[in-house]
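The values are calculated or read from the model by the stated rules, or taken from the named source; none is laboratory data. Owing to the predicted nature of the structure, the values given are computational and were not obtained by experimental measurement. Quick reminder, even Gly has a Cβ in these numbers, built from the backbone with ideal geometry, and neighbours come from all protein chains shown.
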Amino acid sequence: MHEIGLCEGLLDLVGRQAEGRRVTGVKVRIGARHAVLDEAFGQAFAIVAGGTAAEGARLDLVVSPVTVLCRGCGRVSDSHDVLSECPGCGGDDIELRGGDELVLESITFEEESPCASASPAG
Ligand SMILES: [Zn+2]
């Protein structure tokens with residue numbers, strides 16, 4: 001379960017930025033090439049976050065696509081799956097680019113002094 005390892009790295013960053021504050025939400029962008037499952041990643045996050053500033057924080061996972069370049073037909077496409085063949089011509093002479101990032105996009109901290117922006121439901 002490689003999600004655990006990924007979450008450990010993330011929470012290390014979160015912990016450093018939290019500086020003692022309580023974390024209520026974490027937004028993470030992860031490349032499709034990591035092939036993580038939302039559910040598995042969420043579980044791993046909950047396990048690793050236990051006992052840290054981010055315990056119980058909401059995880060918002062955004063998967064960024066892999067770019068698939070086909071040398072056969074020249075087609076460039078984005079995919080959320082790690083493809084082994086070109087979606088255009090079916091050839092396997094392809095090159096995958098990107099989709100291997102793991103970025104901590106934002107952290108939501110518990111508001112100590114809420115700025116009274118109560119929005120109506122809906
Ligand atoms: Zn192709």
Please go through the range 83-122 and pick out each residue that is more than 16 Å from the ligand (Cβ to nearest atom), modelled with pLDDT under 90 and either of a type outside the set (A, V, I, L, M, F, W, C) or surrounded by 14 or more Cβ atoms within 10 Å (Cβ to Cβ) (or both). GLU111, GLU112, SER113, PRO114, SER117, SER119, PRO120, GLY122
For the range 68-82, name all the residues that are within 8 Å of the ligand (Cβ to nearest atom) and surrounded by 14 or more Cβ atoms within 10 Å (Cβ to Cβ). CYS70, GLY72, ARG75
Is it the case that the range 43-62 has a residue that's more than 17 Å from LEU104 (Cβ to Cβ), within 16 Å of the ligand (Cβ to nearest atom) and either among the polar types (S, T, N, Q) or in contact with a Phe, Trp or Tyr (Cβ under 8 Å, 6 or more places away or on another chain) (or both)? no
Name the pairs: first residue in the range 32-58 and farther than 27 Å from GLY98 by Cβ, second residue basic (Lys, Arg) and surrounded by 14 or more Cβ atoms within 10 Å (Cβ to Cβ), Cβ to Cβ under 7 Å, at least 6 apart or on different chains? ALA53/ARG22
What's the number of the condition ALA44 fails, among (1) modelled with pLDDT under 95; (2) in contact with an Asp or Glu (Cβ under 8 Å, 6 or more places away or on another chain)? (1)
